Amino acid sequence: MGDQTDVQQTAPTVPAGSLVGIVGAGTMGVGVAQCFAEAGHPVVVVDNDPGALASGPARLRAGIRAAALLRRGSRQARAGVHASRVESLVTWSAELADMAVALLVVECAREDEDIKEGILSELDRICGAEAIFASNTSCIPVSRLGSFTTRPDRVIGTHFMNPAPLKDAVEVICARETSGLTVERTKAFLARIGKHALVVRDAPGFVTNRVLMLTLNEAAAVLGEGTADAETVDRIFQDCFGHPMGPLRTADLIGLDTIADSLEVLRRHTGEDRFRPCSLLARLVAEGNVGRKSGRGFYQYAPQHIVARGGTDHG
């Protein structure tokens, strides 16, 4: 991948207008693309699912409109952000080669090590020596992802929360191999899009999902055992603990398939059976009732909530 010594000595700046690549045109990929385009970066979104690519522009447009309404009067409001301008900065492609000159690539593929290995090894071959590979992985250790490349020092975790355009913070995960320069450049990219980095050390599930996935799984188990209905489970967390959204609605928003995948990753990497998906969660996923994106999960949703999920390999 070239001489990396000179790259390491380069100042951690983020050139205005530098290309950002997003792998995956699912909910998170489109949301992250919106964040960078709103900050003026040209973005290329790659997915191998024609349906996800075809619906991507409309979902991006809807996300821009929704964010503008929700930000109105808030500290997140950005002056001068116009939907047409943001849309014009985003291109859609089925080819990873189209992000060859990107300085930052955010991988938002399905939480599957084999899929991520294929993507990262191909990006390693395609992208320039200065490119940083930032994974939006929810549970896979970043050190493991870095091992799929010849540049583990330039691999980092950037765990965006959903919906990405409306969340101020990003959980940034540093493996032992991640260089200090990569951390600083990643933080600079995030600062440009109005996010602050909460930096943690590498571990399965990091902080967020090491705790959250157990909570969501136990909430599903409580529901499955008949202790309370879904609405009551969520109201307890909202009314007693002050959570803006209960665990079951949160699970539907994330996607029950994503939660099941994440739990299996945690179980595999920790060796702890407490991360096994409960029977209700496993059954809903097997039936295809995976939350808002399918129209049904722990709750039922109107058709407008149903969105494309992104391709098997790139989304």
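The values are calculated or read from the model by the stated rules, or taken from the named source; none is laboratory data. What you see is a predicted model, and the numbers here were worked out from it, not measured in a lab. Methodologically, a virtual Cβ is constructed for each residue, glycine included, from the backbone with ideal geometry; neighbour enumeration extends over all protein chains shown. For accessibility, only protein heavy atoms count, side chains too; no ligands or nucleic acids. Shrake-Rupley method; radii C 1.70, N 1.55, O 1.52, S 1.80 Å.
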Fill in the blank from the handout: Picked from segment 233-244 (must be hydrophobic (A, V, I, L, M, F, W, C) and in contact with a helix residue (DSSP H, G or I) (Cβ under 7 Å, 6 or more places away or on another chain)), the residue least open to solvent (accessible area, probe 1.4 Å) is V233
Fill in the blank from the handout: Of the residues in segment 166-182 that are over 18 Å from the mean Cα position of the chain (by Cα) and part of a helix (DSSP H, G or I), the one that is surrounded by the most Cβ atoms within 10 Å (Cβ to Cβ) is T182
Problem - Filter result (within 18 Å of the chain's Cα centre (by Cα) and open to solvent by 50 Å² or more (accessible area, probe 1.4 Å)) within segment 202-227 - result: V207, R210, V211, L212
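Okay, residues lined up against (1) crowded, with 17+ Cβ neighbours inside 10 Å; (2) of a type outside the set (A, V, I, L, M, F, W, C); (3) at pLDDT 95 or above:
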site	(1), (2), (3)
L70	no, no, no
R75	no, yes, no
C108	yes, no, yes
R125	no, yes, yes
A131	yes, no, yes
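Does segment 264-275 include one or more residues that are open to solvent by less than 70 Å² (accessible area, probe 1.4 Å), part of a helix (DSSP H, G or I) and either farther than 22 Å from I115 by Cα or among the acidic types (D, E) (or both)? Can you show your working first?
Applying the first criterion (open to solvent by less than 70 Å² (accessible area, probe 1.4 Å)) to segment 264-275 yields 264-267, 269-272, 275.
Subset that is part of a helix (DSSP H, G or I): 264-267, 269-270, 275.
Next cut, either farther than 22 Å from I115 by Cα or among the acidic types (D, E) (or both) only: 264.
The answer is yes, given that some residue of segment 264-275 is open to solvent by less than 70 Å² (accessible area, probe 1.4 Å), part of a helix (DSSP H, G or I) and either farther than 22 Å from I115 by Cα or among the acidic types (D, E) (or both).
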Practice task
Run down A230, A260, A251 and say which single residue is farther than 23 Å from F160 by Cα and surrounded by 16 or more Cβ atoms within 10 Å (Cβ to Cβ).
Solution key: A230
Handout entry: From the options A286, A251, residue that is part of a helix (DSSP H, G or I) and within 19 Å of the chain's Cα centre (by Cα)
Key = A251
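Looking only at residues in segment 183-201 that are touching a Phe, Trp or Tyr at 6+ places or on another chain (Cβ under 9 Å) and over 30 Å from C278 (Cα atoms), which one is surrounded by the fewest Cβ atoms within 10 Å (Cβ to Cβ)? Explain how you work it out, then say what you get.
Within segment 183-201, the subset touching a Phe, Trp or Tyr at 6+ places or on another chain (Cβ under 9 Å) is 189, 192-193, 195, 200.
If we keep only those that are over 30 Å from C278 (Cα atoms) too, we end up with 189, 192-193, 195.
Details: F189: 25, R192: 17, I193: 21, K195: 21.
Checked segment 183-201; the qualifying residue surrounded by the fewest Cβ atoms within 10 Å (Cβ to Cβ) is R192.
Going by the conditions given, is A83 among the small types (G, A, S) and either at pLDDT 95 or above or open to solvent by 50 Å² or more (accessible area, probe 1.4 Å) (or both)? Even if it seems obvious, please write down each step before you answer.
Details: among the small types (G, A, S): yes; either at pLDDT 95 or above or open to solvent by 50 Å² or more (accessible area, probe 1.4 Å) (or both): no.
Spelling it out, it is not the case that A83 is among the small types (G, A, S) and either at pLDDT 95 or above or open to solvent by 50 Å² or more (accessible area, probe 1.4 Å) (or both).
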